[in-house]
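Encoded as structure tokens, the structure appears first; notes follow it.
The values are calculated or read from the model by the stated rules, or taken from the named source; none is laboratory data. Here the structure is a predicted model, which means the values were calculated and not measured. With ideal geometry, Cβ positions are generated from the backbone for all residues, glycine too; neighbour counts draw on all protein chains shown.
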Amino acid sequence: MKGIVSYYERPDCQCNARQKQQLRDAGYVLQVFNLLEKQWEASNLNKFFAEQGIHDCVNRHAPQIVSGDFDPASLDERALLNAMLEQPTLIQHPLIFFRGQFASGFKNELVTQLLGTE
């Protein structure tokens, strides 16, 4: 075992199953949490966006974005974070935590390190 990865998912996302298996195959044990049910605080959620910037951590497939009812580009960082706290479907998933490192999504430096890919 290489370590324990905290993995915050949307249970209805089919990609999450494949991603979790990739991490398990790489030797990690997963603690899996439902991203939509977690009671987030701004300071904790914001840690997952620090490396990429919050505007790059928006779920572009969120229903309110696809329908055109919500435009994340029109908000500053604080307002977007508050919107994500109120509507967690806006958060790009998964959120991943491993040994003090935080990331949003599955295409980032942390996941590259975990999977040993370049």
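Structural remarks
- Residue in the stretch 8-21 that is under 15 Å from the mean Cα position of the chain (by Cα), among the aliphatic types (A, V, I, L, M) and outside any strand (DSSP E or B) present: yes
- Pairs meeting the criteria (first residue in the stretch 37-55 and in a loop (DSSP other than H, G, I, E, B), second residue of a type in the set (Phe, Trp, Tyr), beta carbons under 7 Å, at least 6 apart or on different chains) are 38/8; 48/102; 50/102.
- Within the option set 77, 86, 51, being in contact with a Gly (Cβ under 9 Å, 6 or more places away or on another chain) and surrounded by fewer than 17 Cβ atoms within 10 Å (Cβ to Cβ) holds for one residue only, 77.
- If you go through the stretch 39-63 and keep only what is among the charged types (D, E, K, R) and at pLDDT 95 or above, you end up with 41, 47, 56, 60.
- The set of residues from the stretch 22-55 being within 11 Å of the chain's Cα centre (by Cα) and among the charged types (D, E, K, R) comprises just one member, 47.
- Of the residues making up the stretch 79-94, none is among the polar types (S, T, N, Q), assigned to a strand (DSSP E or B), touching a strand residue (DSSP E or B) at 6+ places or on another chain (Cβ under 9 Å) and modelled with pLDDT of 95 or more.
- Every listed requirement among (1) in contact (Cβ under 8 Å) with a residue 24 or more places away in the chain; (2) surrounded by 12 or more Cβ atoms within 10 Å (Cβ to Cβ); (3) in contact with a strand residue (DSSP E or B) (Cβ under 8 Å, 6 or more places away or on another chain) is met by residue 72 save one, (1).
- Identity of the residue in the stretch 12-33, within 30 Å of residue 78 (Cβ to Cβ) and surrounded by 12 or more Cβ atoms within 10 Å (Cβ to Cβ), that ends up modelled with the lowest pLDDT: 13
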